[in-house]
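A.B. asks: Here's a structure for you.
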Amino acid sequence: MATGTGKVAIVTGAGSGIGRAVALALLDAGWSVSLAGRRAEALEETRSLAGEAADWAMPVPADVTDPEAVGRLFDSTRARFGRLDLLFNNAGTGAPPVLLEDLPLEAWKRVVEVNLTAAFLCTQAAFRLMKAQDPRGGRIINNGSISAHAPRPRSVAYTATKHAITGLTRSTSLDGRAYDIACGQIDIGNAGTEMTRSMAKGVPQADGSIAPEPVMDVKAVADAVLYMAGLPLEANVQSMTVMATKMPFVGRG
């Protein structure tokens, strides 16, 4: 374990899956990390998995769709660690895989709140903190998705919000230039997490069939985010796609 980089990160959705893997990779590399998520017990589990680096992890239970909770998250990070160098906007959710015309409006709104509005609120808070700190600036990495390029069947809410994340990323990247704030996006396909266990049994394909899909070790995603996060602020990975090599994304089908 590396120690003492002096770098500080906030990871949303840090209680499981990609968020947990990225938070642990950052901690192992010597970062201090605020672990944000709705479930306190899951955040504590992530912290316990950090081993010797656990002292540099701060669980902060927060619903990042709530502006006041977001404010407390960033205030707590500043109070504990003094600054913010990285925000990983990772929290996300999906809707039931129903026909587009049958998707309840409330399910649509919930996906928009979690996947898009929460990322916007955290980005606003990061801008305020990163502009004011000394030295100024920092980096924001948004978790997009393969769905930011191509949809799966019956995923209109998730796909629409992940396309919107690309717009948020580009606007953030442009507006952040004046304040030394870099912003990039990582689009992930079939990382091995709790959410992808069903892929081994089969998932809907574009032609209406059901087929199993390969997955990759989630560590590959954590390593990619760690690379993006470690760049000097004069360099930026604007977009990166990390996917299981044999997943049915490239090509026709």
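A.B. asks: With the structure loaded, tell me whether V218 is of a type in the set (V, I, T), farther than 25 Å from G251 by Cα and surrounded by 12 or more Cβ atoms within 10 Å (Cβ to Cβ) or whether it fails that test. So that I can check it myself, show each step before the final result.
C.D. replies: Working: of a type in the set (V, I, T): yes; farther than 25 Å from G251 by Cα: no; surrounded by 12 or more Cβ atoms within 10 Å (Cβ to Cβ): yes.
Here the answer is no, as V218 does not meet what is asked.
A.B. asks: For the range 179-198, give me each residue that is hydrophobic (A, V, I, L, M, F, W, C) and surrounded by 17 or more Cβ atoms within 10 Å (Cβ to Cβ).
C.D. replies: Of the residues in the range 179-198, the ones hydrophobic (A, V, I, L, M, F, W, C) are 181-183, 186, 188, 191, 195.
Selection gives I181, A182, C183, I186, I188, A191.
A.B. asks: Suppose the filter is hydrophobic (A, V, I, L, M, F, W, C), more than 13 Å from L87 (Cβ to Cβ) and in contact with a Phe, Trp or Tyr (Cβ under 7 Å, 6 or more places away or on another chain); does L27 pass it? Explain how you work it out, then say what you get.
C.D. replies: Numbers: hydrophobic (A, V, I, L, M, F, W, C): yes; more than 13 Å from L87 (Cβ to Cβ): yes; in contact with a Phe, Trp or Tyr (Cβ under 7 Å, 6 or more places away or on another chain): yes.
Against the criterion (hydrophobic (A, V, I, L, M, F, W, C), more than 13 Å from L87 (Cβ to Cβ) and in contact with a Phe, Trp or Tyr (Cβ under 7 Å, 6 or more places away or on another chain)), L27 qualifies.
A.B. asks: For the range 195-241, give me each residue that is within 17 Å of A25 (Cα to Cα) and modelled with pLDDT under 85. If you could, list the steps in order and put the result at the bottom.
C.D. replies: To start, the set of residues in the range 195-241 that are within 17 Å of A25 (Cα to Cα) comprises 216-231.
Matches in the range 195-241: none.
A.B. asks: Any residue in the range 197-221 that's in contact (Cβ under 8 Å) with a residue 12 or more places away in the chain and among the polar types (S, T, N, Q): show its pairings with residues that are outside any helix (DSSP H, G or I) and surrounded by 12 or more Cβ atoms within 10 Å (Cβ to Cβ) at Cβ separation under 7 Å, as long as the two are six or more apart or on different chains.
C.D. replies: Q205/A211; Q205/P248
A.B. asks: Would you confirm whether any residue within the range 177-187 is within 24 Å of C122 (Cα to Cα), at pLDDT 95 or above and among the basic types (K, R)? Walk me through it before giving the result.
C.D. replies: Residues of the range 177-187 within 24 Å of C122 (Cα to Cα): 177-187.
Then keep just the ones that are at pLDDT 95 or above; that gives 177-187.
Then drop every residue that is not among the basic types (K, R), which leaves 177.
Within the range 177-187 (the criterion being within 24 Å of C122 (Cα to Cα), at pLDDT 95 or above and among the basic types (K, R)), the answer is yes, since at least one residue qualifies.
A.B. asks: While we're on this one: Would you be able to tell me the number of residues in the range 183-218 that are in a strand (DSSP E or B), farther than 18 Å from T241 by Cβ and in contact with a helix residue (DSSP H, G or I) (Cβ under 7 Å, 6 or more places away or on another chain)?
C.D. replies: Within the range 183-218, the first condition is being in a strand (DSSP E or B), and the residues that meet it are 183-189, 191-192, 203-204, 210-211, 216-217.
Filter once more, keeping what is farther than 18 Å from T241 by Cβ: 203-204, 210-211.
Adding the requirement that they be in contact with a helix residue (DSSP H, G or I) (Cβ under 7 Å, 6 or more places away or on another chain) leaves none.
Total meeting the criteria: 0.
A.B. asks: Now for a different question. Taking only the range 26-38 into account, find how many residues are assigned to a loop (DSSP other than H, G, I, E, B) and over 13 Å from V64 (Cβ atoms).
C.D. replies: Taking the range 26-38 as the starting set, the residues that turn out to be assigned to a loop (DSSP other than H, G, I, E, B) are 29-31, 38.
Next, only the ones that are over 13 Å from V64 (Cβ atoms) stay: 29-31.
The total comes to 3.
A.B. asks: Please name all residue pairs, on different chains or six or more residues apart, with Cβ atoms under 7 Å, provided the first residue is in the range 6-19 and is at positive phi and the second residue is part of a strand (DSSP E or B) and not acidic (D, E).
C.D. replies: G13/G37
A.B. asks: Looking only at residues that are β-branched (V, I, T) and touching a residue at least 60 places away in the same chain (Cβ under 8 Å) in the range 124-155, which one is nearest to C183 (Cα to Cα)? Show your work before the answer.
C.D. replies: The first filter runs over the range 124-155 and keeps only residues β-branched (V, I, T), leaving 140-141, 146.
Narrowing the set further to residues that are touching a residue at least 60 places away in the same chain (Cβ under 8 Å) leaves 141, 146.
Working: I141: 6, I146: 18 Å.
Here the answer is I141.
The values are calculated or read from the model by the stated rules, or taken from the named source; none is laboratory data. On a predicted model such as this, the values are computed, not experimentally measured, just so you know. Positions of Cβ are backbone-derived with ideal geometry, glycine not excepted, and every protein chain shown enters the neighbour counts.
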